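The values are calculated or read from the model by the stated rules, or taken from the named source; none is laboratory data. As the structure is a computational prediction, the values presented were derived from the model and not from experiment. Backbone-built Cβ (ideal geometry, glycine too); neighbour counts: all protein chains shown. Surface areas here come from the heavy atoms of the whole protein model, side chains and all, with no ligands, DNA or RNA. Shrake-Rupley method; radii C 1.70, N 1.55, O 1.52, S 1.80 Å.
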Amino acid sequence: MHTNSRRQASKLLRWSPAPDNSYNVGVFIDVFRRMTYRIAPSILSANFAKLGEEVRGVVAAGADLVHFDVMDNHYVPNLTIGPLVCEAIRPLTKALIDVHLMVKPVDRIIPDFAKAGADIISFHPEASEHIDRTIGLIKDQGCKAGLVFNPATPLDYLDHVLDKIDLVLIMSVNPGFGGQKFIAEALNKLRVARSRIAASGRDIWLAVDGGVRIDNIADVARAGADTFVAGSAIFGTTDYKATISAMRAELGKLKN
Ligand code: DX5
Ligand code: ZN
């Protein structure tokens, strides 16, 4: 997903804490200059009565991905949208469709989303009996695979699969609803995840989901995220372009 030079830079610059657990600011500034940031509006907060218009609008406003939250009222206490809706919005945009599965069991529905045009499919390790098999299933369907970490889920699940996944998604709220408050501990988890990704030398996106807004996106980026899911912070405003631009302006400050 990233360029080779980006990968080499991240290897070279070692995105990892110093022994005293502080971070080398000079190194970080260099990394930020090379970082590609992506904004992923979550359509969970869109107006479903005019979803097509909302998808078109948010992509025209500068979204890089369309984040598609799938909830089953079993793994999480809410019920949302499925493959038919994914299929319906697919022709409306060339932007990547980033499917976040909050369903259990998870395997059965994966081929349906791949057929419906999903580009990235992410799942929660707790929702799969066989995590490696689920990753393989997503890849076999021609999609990028992501692993999602709830606030209290340890990153240990990365131990044996980091060489196979394309995206790590850190939840900064408990999954199930939009509009919740950002859980600050997610920043620590992002730092550790970023360091593990850098050590792997692989081209893995680090996403964050929940409570991301204009006023905290820079802090979240400083912790290592490169992909920002934001629902209510974007769809709760009237001017999506102004909101996404304001987010990018905050991220741009890190590069100066
Ligand atoms: C929560 C979802 C999020 C949600 C984020 O379970 O995974 O994608 O839409 O919404 P905000 O940005 O409003 O916290
Ligand atoms: Zn989500």
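Here are the numbers for the structure shown:
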{"read-out": "Scope region 239-256; condition open to solvent by 10 Å² or more (accessible area, probe 1.4 Å), within 16 Å of ligand 1 (Cβ to nearest atom) and among the aliphatic types (A, V, I, L, M); matching residues", "value": "Ala246"}
{"read-out": "Which listed residue, of Ser122, Ser195, is within 16 Å of ligand 2 (Cβ to nearest atom) and either of a type in the set (Ser, Thr, Tyr) or over 16 Å from the mean Cα position of the chain (by Cα) (or both)", "value": "Ser122"}
{"read-out": "Of all residues in region 143-173 being out of contact with any strand residue (DSSP E or B) (no Cβ under 9 Å at 6 or more places or on another chain) and over 24 Å from Asp72 (Cα atoms), the one that is nearest to ligand 1 (Cβ to nearest atom)", "value": "Asp156"}
{"read-out": "Condition check for His100: within 16 Å of ligand 2 (Cβ to nearest atom), open to solvent by less than 10 Å² (accessible area, probe 1.4 Å) and touching a His at 6+ places or on another chain (Cβ under 8 Å)", "value": "yes"}
{"read-out": "Test for Gly176: is it within 15 Å of ligand 1 (Cβ to nearest atom) and either part of a loop (DSSP other than H, G, I, E, B) or out of contact with any strand residue (DSSP E or B) (no Cβ under 8 Å at 6 or more places or on another chain) (or both)", "value": "yes"}
{"read-out": "Residues satisfying the stated conditions in region 174-189, i.e. in contact with a helix residue (DSSP H, G or I) (Cβ under 7 Å, 6 or more places away or on another chain) and within 28 Å of His74 (Cβ to Cβ)", "value": "Gly178, Gly179, Lys189"}
{"read-out": "Selected residue (only one of Gly117, Gly57, Gly82 is surrounded by fewer than 21 Cβ atoms within 10 Å (Cβ to Cβ) and at positive phi)", "value": "Gly117"}
{"read-out": "Sole residue being of a type in the set (D, E, K, R), farther than 23 Å from Val55 by Cα and at pLDDT 95 or above, chosen from Asp159, Asp119", "value": "Asp159"}
{"read-out": "Test: residue in region 121-132 that is assigned to a loop (DSSP other than H, G, I, E, B) and open to solvent by 50 Å² or more (accessible area, probe 1.4 Å)", "value": "yes"}
{"read-out": "Options Lys144, Lys139; residue that is more than 15 Å from ligand 2 (Cβ to nearest atom), surrounded by fewer than 17 Cβ atoms within 10 Å (Cβ to Cβ) and at pLDDT 95 or above", "value": "Lys139"}
{"read-out": "Count of residues meeting criterion [touching a residue at least 40 places away in the same chain (Cβ under 8 Å), surrounded by fewer than 19 Cβ atoms within 10 Å (Cβ to Cβ) and farther than 23 Å from Val70 by Cβ] in region 213-238", "value": "1"}
{"read-out": "Qualifying residue in region 213-222 (condition: farther than 20 Å from Ile39 by Cα, over 14 Å from the mean Cα position of the chain (by Cα), away from ligand 1 (no atom under 14 Å from the Cβ) and among the acidic types (Asp, Glu))", "value": "no"}
